[in-house]
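The values are calculated or read from the model by the stated rules, or taken from the named source; none is laboratory data. Bear in mind the structure is a predicted one, so any value in this text is a computation, not a measurement. Every residue, glycine as well, gets a Cβ built from its backbone with ideal geometry; the counts of neighbours run over all protein chains shown. Surface areas here come from the heavy atoms of the whole protein model, side chains and all, with no ligands, DNA or RNA. Shrake-Rupley method; radii C 1.70, N 1.55, O 1.52, S 1.80 Å.
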Amino acid sequence: MDAQRPETIGIACDHAGPELKAILIADLKTAGFGVLDLGTNGPDSVDYPDFADKLAAAIKKGEVKRGILICGTGIGISIAANRHSHVRAALAHNTTAAKLSRLHNDANVLALGARVIGSEVARDCLKVFLETEFEGGRHQRRIDKMTVS
Ligand code: RB5
């Protein structure tokens, strides 16, 4: 993180996620992060790929380095995000997966399922995801094999 400026974290969800998104945004702000909220912000039905694409674009443009995506299960929005070659989105249902997604996969996006995990688990996953550094080494070699140049 730049010592001068807090890191900004991108966050987006479909209509299953606004409540959880608001909870996680509050946690991010309390922890001192900036937040780029890419919607959606209400209950009207939307399509999760559009919100995965918004976060992928923000990462591509350098507006954020890391982000959070939420849909009902976390499955659709993580699949959509991983269509972008610069995104490594990890769907986590527990803190072990969230931690290992950073240690081993250098995940830059955490995907969460608002309808399948509770908000306290989601909050813990986010905290661990943000605090855990990539281990590098043999894991970098594996990531390189997935990186399209
Ligand atoms: C929306 O109803 C739901 O399908 C979506 O949030 C997500 O769970 C898809 O994977």
Relative contact order [Cα under 8 Å, 6+ residues apart], the chain, whole percent: 22
Estimated dipole of the range 39-149 in Debye, rounded to 20 [Cβ of Lys and Arg +1, of Asp and Glu -1, Cα centre]: 400
Tally of Lys pairs whose C-alpha atoms are under 23 Å apart, taken over the range 58-149, 8 or more apart or cross-chain: 6
Average accessible surface area per residue within the chain, 1.4 Å rolling probe, Å²: 53
Accessible area, probe 1.4 Å, largest first, for residues LYS60, LYS21, LYS127, LYS54: LYS60, LYS127, LYS54, LYS21
Amide H partners (placed H, <5 Å) of ILE9, local residues excluded: GLY34, VAL35, LEU36
The chain pair-distance distribution - Cα-Cα, 5 Å bins, rounded %: 2, 11, 20, 24, 23, 12, 6, 1, 0
The range 71-149 shape via C-alpha gyration tensor axes, a/c threshold 1.5: oblate
Accessible surface, 1.4 Å probe, highest first, among residues HIS93, HIS139: HIS93, HIS139
Prolate/oblate/rounded label for the range 1-64 (Cα gyration tensor, a/c 1.5): oblate
